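Everything on this sheet refers to the single structure shown next.
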Amino acid sequence: MNIKEYFSSLIEGTHSLIKGMEVTGKELFTKKVTEQYPENRAELQIPERFRATLQFIYDDEGYHKCIACKTCERNCPNGTIQIITRMVDLPNGKKKMKLDKYIYDLGSCTFCGLCVTTCPTNAIEFSNDFEQAVFRREALVKQLNYLPEKEKPAPEPKPAAAKPVAKVDEPKVETKVDEPKDVQPSQEQKETE
């Protein structure tokens, strides 16, 4: 290394140091933002798209839309979801697969969202509740269908069509149709005889 290269690298390094100190100096005088968590829970604004934990979507009557197709279980890259099903008999005599337990392991979830986007019935979603700290790893394993399963009411049989009732007031009048006497049989009737 000669003297020219030495001084050029020294000047380059000094220039780089001054530029870095300039950025640091600007940050020294900017307004500081400090989150006072957990005291400011009421004012916290969490974005809608934040993925915290998986949950079932229940309607007003307490029913969920999961049909136990296991699509989310197959698409989960690390086996976070486990679906346990059972067979039930329907009123029409057929059997159907029904959801028994929907097990979700929050500790191994990567929050990729493949389960939510591939669900054919939109039965699951990510919530914004980020406070999931626990003391034991077993507490991170949750059963999502926590509400007691309500049986959907059986479809009511359709009422039979009402038979028209004859009115009693009106007298029945019989009409006799006179048949023509000089009717000749057709060609087809002759051949069959």
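Below, the figures for the structure above:
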| item | result |
| --- | --- |
| Residue order, fewest to most surrounding Cβ atoms within 10 angstrom, among 118, 53 | 118, 53 |
| Normalised contact order of the stretch 1-107, rounded percent, pairs of Cα under 8 Å and 6 or more residues apart | 16 percent |
| Relative exposure of 110, 85, judged by other C-beta atoms within 10 Å (fewest first) | 110, 85 |
| Net charge over other residues, Cβ less than 11 angstrom from the Cβ of residue 142 (K, R count +1; D, E count -1) | -1 |
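No value in this document is a laboratory result; all are computed from the given coordinates. Bear in mind the structure is a predicted one, so any value in this text is a computation, not a measurement. Quick reminder, even Gly has a Cβ in these numbers, built from the backbone with ideal geometry, and neighbours come from all protein chains shown.
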